[in-house]
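Report on the following structure.
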Amino acid sequence: MRIDTPAPVPLLVDLHLQHVPAWRQLGTAGWARSGLQGVFWAHGTPDPEALALVSPSGPLRGAQWCTGDLWARCTTLPEAGDVRGQESLVAHWLNTPQRRRSIHLPQALASLLAAHGAWLPAVDDLVARIQALPVEGLGLLEIGGFQRWSADSALTDHRVPPALWEALATLHASGHAPAVRLAWERDIPPLSVLLDEARCAREALA
């Protein structure tokens, strides 16, 4: 029996103005070492400084450029056995073809964690719900570290929990991770932290 190896997954990182000087310092060599394929601008009209990074002469030249206005985020997923709910979600996707679909893993997991009260069943439920959806309907999985997972977690360093990386690895293996966005939208850390999260993402997608 032949076992197919999952295809490489495009890995995007949010581009923040406060990181522009650090990206310039890293240069093209630093971008190449990051293993990232593109940047995601989620802040409305692109800033000239950000656009300069991905220009033909910029340090991130060649990077894929994505903007948030093209994506519709999904944070609530029907249960794996809820056929009617799955059909309703897919029908909504088909009725709005002008926007591509993204699933925000931290918010989806947070709601399931509140429902299950424990990590393992919440992560298993999250994976099952995504795997029950048609692969062709998925566009982007968003993963980020800004969710505060426990009362004693650090306020300034909300890293992606290991369980979420494991979920991403499982979804990648089943073909349900067509592209991944490192979406760190608040409590934004130094670029070095985002690059380390990129390393974790590459390991999960290996």
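The values are calculated or read from the model by the stated rules, or taken from the named source; none is laboratory data. Only a predicted model underlies this, so the values are computations on that prediction, with no experimental measurement involved. Cβ sites come from the backbone with ideal geometry, for glycine too, and all protein chains shown count toward neighbours. Protein only, heavy atoms only, side chains kept; ligands, DNA and RNA dropped before computing areas. Shrake-Rupley method; radii C 1.70, N 1.55, O 1.52, S 1.80 Å.
Data table
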{"item": "Exposure rank, largest accessible area first [Thr67, Thr76; 1.4 Å]", "result": "Thr76, Thr67"}
{"item": "Full-stretch length increase - Ala52, Gln25 - with 0.36 nm per residue and alpha-carbon distance subtracted", "result": "8.3 nm"}
{"item": "Debye intensity ratio I(q)/I(0), log10, the chain, q values 0.07, 0.08, 0.12, 0.15 Å⁻¹ (C-alpha model)", "result": "-0.21, -0.28, -0.64, -0.98"}
{"item": "Local electrostatic count at Leu109 - Lys and Arg +1, Asp and Glu -1, tallied over other residues with Cβ under 12 Å", "result": "-3"}
{"item": "Angle in degrees between helix 162-173 and the longest Cα principal axis of the chain, rounded to the nearest 10", "result": "80 degrees"}
{"item": "Two-decimal ratio, segment 16-66, of alpha-carbon radius of gyration to 2.2 N^0.38 Å", "result": "1.02"}
{"item": "Surface accessible to a 1.4 Å probe, Thr45 within the full protein complex, Å²", "result": "120 Å²"}
{"item": "Using a Förster distance of 35 Å, the FRET efficiency for Asn95-Asp196 (Cβ separation, nearest 0.05)", "result": "0.30"}
{"item": "GNM result for the chain, Cα springs below 10 Å: residue of Ala179, Ala42, Ala52 fluctuating most strongly", "result": "Ala52"}
{"item": "Two-decimal ratio, segment 1-118, of alpha-carbon radius of gyration to 2.2 N^0.38 Å", "result": "1.37"}
{"item": "GNM top mover of Val193, Val39, Val127 - the chain, alpha-carbon springs below 10 Å", "result": "Val193"}
{"item": "The chain: relative contact order in percent, alpha carbon pairs under 8 Å with at least 6 residues between", "result": "24 percent"}
